[in-house]
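The values are calculated or read from the model by the stated rules, or taken from the named source; none is laboratory data. Worth saying up front: this structure is predicted, and the values here are computed from it rather than measured. All Cβ positions, glycine included, derive from the backbone under ideal geometry; neighbour counts span all protein chains shown. For accessibility, only protein heavy atoms count, side chains too; no ligands or nucleic acids. Shrake-Rupley method; radii C 1.70, N 1.55, O 1.52, S 1.80 Å.
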Amino acid sequence: LNSALLISPDYRPIINTKGLVLWSLGGVQESLRDFEAAKQSYSEALAAYNSDLLIAPDNDTILYSKGNLLGSLGDLQVKLNEFESAKQFYSEALATYNSALLIAPDNNGILNNKGSVFHSLGDLQVKLNEFESAKQFYLEAIAAYNSALIIAPDSISALNNKGNALRSLGDLQEKLFERQEALKNWQEALQIFNQCLAIVPNNDHLRNRRDALQEYLDNLDEDTVSS
């Protein structure tokens, strides 16, 4: 690919393919726990997407890919306990998704992944004991998923992600002794997992998530009765 770019440095399909290959390489390196090599591959992939955007700055597909890659970089930084860098990558991912949404406001995939980055930021803030900030990020995630579901109401990905965000928000509220708010969000998450299973009844991962939450809520009811 580099040889091809020496001949045609502005040929976007090659630039885009280079970014995708480097991103995939980084994923393999990350799975092998070679985190520094993964960071380097992701950074080179990001440079390729930035080069592509210099040629086609209003290409929502490349912006979408860049946002996803920035999210992957944020996740990697969390694994490396480099939390400030993770926040920066997540913030850049959100800004990139917002740029893409100015061009393609009805792209439910972008909205869904934007929600996922907000969820990741919420999880990071919980890890850092910044609970009020975490709560706000979870709410932002849910709002993004709601926007995606207005466009594609039967999107299993957006529904599942919303359910997970509601579960995370409920868990945080329980930690903050906000039991009634937590119960409300857990119950809504349960309804969403059931809605997903009505669409894809053979999805074992969803069923396990639903069953675990149902068991948790049942145990809460038993504790309330026994007390």
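Brief remarks follow.
- Among residues of the stretch 60-81 that are within 14 Å of ASP123 (Cβ to Cβ) and without any contact (Cβ under 8 Å) to a residue 40 or more places away in the chain, those with a Cβ under 9 angstrom from a residue that is assigned to a helix (DSSP H, G or I) and small (Gly, Ala, Ser), sequence gap 6+ or separate chain, pair up as GLN77/SER85; GLN77/ALA86.
- Complete set of residues in the stretch 12-63 that are charged (D, E, K, R), within 20 Å of GLY109 (Cα to Cα) and outside any helix (DSSP H, G or I): ASP58
- With respect to (1) modelled with pLDDT of 95 or more; (2) within 27 Å of PHE89 (Cβ to Cβ), the lone exception for CYS196 is condition (2).
- Taken over the stretch 26-47, the residue count meeting the criterion of being surrounded by 23 or more Cβ atoms within 10 Å (Cβ to Cβ) and of a type in the set (A, V, I, L, M, F, W, C) is 2.
- The sole residue among LEU22, LEU94 that is of a type in the set (A, V, I, L, M, F, W, C) and either modelled with pLDDT under 95 or surrounded by 22 or more Cβ atoms within 10 Å (Cβ to Cβ) (or both) is LEU22.
- Taking the numbered list (1) closer than 29 Å to ALA152 by Cβ; (2) touching a residue at least 24 places away in the same chain (Cβ under 8 Å) in turn, ILE55 passes all entries but (1).
- Among the residues of the stretch 107-123, none qualifies, meaning not one is in contact (Cβ under 8 Å) with a residue 24 or more places away in the chain, closer than 19 Å to ALA47 by Cα, open to solvent by less than 30 Å² (accessible area, probe 1.4 Å) and within 17 Å of the chain's Cα centre (by Cα).
- Residues that are over 21 Å from GLN29 (Cβ atoms) and open to solvent by 50 Å² or more (accessible area, probe 1.4 Å), drawn from the stretch 48-87: SER51, LEU54, ILE55, PRO57, ASP58, THR61, TYR64, GLU84
- Flag if PHE89 is aromatic (Phe, Trp, Tyr), farther than 23 Å from ILE15 by Cα, at pLDDT 95 or above and touching a Leu at 6+ places or on another chain (Cβ under 9 Å): no
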